[in-house]
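The values are calculated or read from the model by the stated rules, or taken from the named source; none is laboratory data. Everything numeric here is computed off the predicted structure, so don't read it as measured data. Cβ placement follows ideal geometry from the backbone for every residue including glycine, while neighbour counts extend to all protein chains displayed. Side chains included, ligands, DNA and RNA excluded: accessible areas come from the protein's heavy atoms. Shrake-Rupley method; radii C 1.70, N 1.55, O 1.52, S 1.80 Å.
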Amino acid sequence: MSQGSTQNPFQLAQEQLDRAAGIMKLDPGIHAVLREPSRELHVSIPVRMDDGSVRVFKGFRVQYNDARGPCKGGIRFHPEETIDTVRALAAWMTWKTAVVNIPLGGGKGGVICNPKEMSPGELERLSRGYIDQVGRILGPEKDIPAPDVYTNPQIMAWMADEYAKLRGHYVPGVITGKPIEIGGSEGRGDATARGAYYTIREACKKLKLDLKQATFAVQGFGNAGQHIATILSEAGARLVAVSDSKGGVLNRDGLDAAALIAHKRQTGTVADFPGADKISNEELLVLDVDIMCPSALENQFTHENADQVKAKIVAELANGPTTLEADEIFHRKGVFVIPDFLCNAGGVTVSYFEVVQNLYNFYWDLQKVHQMLDRKMTDAFWAVDQAAEKYRVDPRMAAYVVALDRVANAIRLRGIV
Ligand code: GLU
């Protein structure tokens, strides 16, 4: 397999699907349907910048598959966004909603922009402009966006408000990850990391690893990274290294998650956190820790570094951090991977709870959200584990088998092919 093929995320997604389809002998017609997004919209979004000029941003919304329910998935604002990245992420959303068995399909959106260089006003106008362009294909029964890389609850609020203007009334269920005051759910803020924590807890039981004695490292210190650092520390594990896009820090005696978060808020990075040694992203990924938490972007573990990975568990809070070659190496070495669309499914699971609450206009407390999330993630973890035993495959392929079986059943029952 060429290196190029593993660097295009959509080719990676298709290759993973092909491999799983072979393992479970998926019907060729259904396989063909699932290799391609069902629908995609490409838009140009004009934005008046603060200096008076107009810039036109490219954006996308991919509706990958809605056999099991409305499409669901976040919107990324990223300077290196491409349609193939969005397609891959939309495919992974389809498997994600299926593996945790929530009645939704998969979709994803993206805008090519650098939010770090934009003012709040410019970001608001871009967010509203995106909805003006794609709003016609959104709705609680059609497609429901959410936050993702470099988007947040405030951006969701602007988008929900713009959608209200299109429809003539407020429709909170059109988008999730909203602030609580306007129909967000308790527990959505840290849901991705909390869901990942439940899967890590179960993986530790399986591997007979004591979480309280475990060390861990976090690559990427955005929403998922900050929360997993906090939650695993609260569970008794020791955080020894953290990195973000500007650099990383290491302290074998332990790093304080709250202090790191405060430092990042003040300085924009963890890189110069006091009382710790500097460490590069590349060094962090192969650090000798029990649990490695990639929580940033795609393509972190490749054939070049997978062999050097020393972690016992790789918990993929990021989407697509591991290439197919790296997967094979991990499997051979006995590194236990909690695959992305299982590990990070907590975000979309609480998003689903958010839509349910919006539609009922009745809201749950935090305890109920945690309880329901725990059940979904724990059930999904062991369903995947059972499939891994049955088919004698690695956890990623097992997660595919579980998810594809559910999507394929829906396609068959509806008579789509
Ligand atoms: N962006 C998150 C993900 O990749 C959440 C998606 C959602 O809540 O719809 O899973």
Set F341, F362, F336: member being at pLDDT 95 or above, buried (at least 24 other Cβ atoms within 10 Å of the Cβ) and not β-branched (V, I, T): F341
Among the listed residues R396, R414, which satisfies the condition of being in contact with an Asp or Glu (Cβ under 8 Å, 6 or more places away or on another chain) and touching a residue at least 24 places away in the same chain (Cβ under 8 Å)? R396
Complete set of residues in the stretch 325-354 that are at negative phi and outside any helix (DSSP H, G or I): V335, F336, V337, I338, P339, N344, A345
Using the structure shown, decide if I112 is open to solvent by less than 20 Å² (accessible area, probe 1.4 Å) and away from the ligand (no atom under 11 Å from the Cβ). no
Check T199, T192, T176 and return the single one that is modelled with pLDDT of 95 or more, surrounded by 24 or more Cβ atoms within 10 Å (Cβ to Cβ) and not in a helix (DSSP H, G or I). T176
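State yes or no: is M118 without any contact (Cβ under 8 Å) to a residue 24 or more places away in the chain and either open to solvent by 10 Å² or more (accessible area, probe 1.4 Å) or within 12 Å of the ligand (Cβ to nearest atom) (or both)?
Details: without any contact (Cβ under 8 Å) to a residue 24 or more places away in the chain: yes; either open to solvent by 10 Å² or more (accessible area, probe 1.4 Å) or within 12 Å of the ligand (Cβ to nearest atom) (or both): yes.
For M118, the condition - without any contact (Cβ under 8 Å) to a residue 24 or more places away in the chain and either open to solvent by 10 Å² or more (accessible area, probe 1.4 Å) or within 12 Å of the ligand (Cβ to nearest atom) (or both) - is met.
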Please specify each residue of the stretch 250-267 satisfying the condition of being surrounded by 12 or more Cβ atoms within 10 Å (Cβ to Cβ) and part of a loop (DSSP other than H, G, I, E, B). N251, R252, G254, L255, D256
From the list A214, A315, which one is in contact (Cβ under 8 Å) with a residue 60 or more places away in the chain and either under 18 Å from the mean Cα position of the chain (by Cα) or at positive phi (or both)? A315
Looking only at helices (runs of 4 or more DSSP H) that fall completely inside the stretch 7-123, which ones have 3 or more residues that are in contact with a Lys or Arg (Cβ under 9 Å, 6 or more places away or on another chain) and of a type in the set (A, V, I, L, M)? 9-24, 83-99
Test E124 against the criterion of being open to solvent by 10 Å² or more (accessible area, probe 1.4 Å) and either modelled with pLDDT under 95 or in contact with a helix residue (DSSP H, G or I) (Cβ under 7 Å, 6 or more places away or on another chain) (or both), and give yes or no. yes
Just to be sure I understand, how many residues within the stretch 160-201 are away from the ligand (no atom under 13 Å from the Cβ) and aliphatic (A, V, I, L, M)? 7
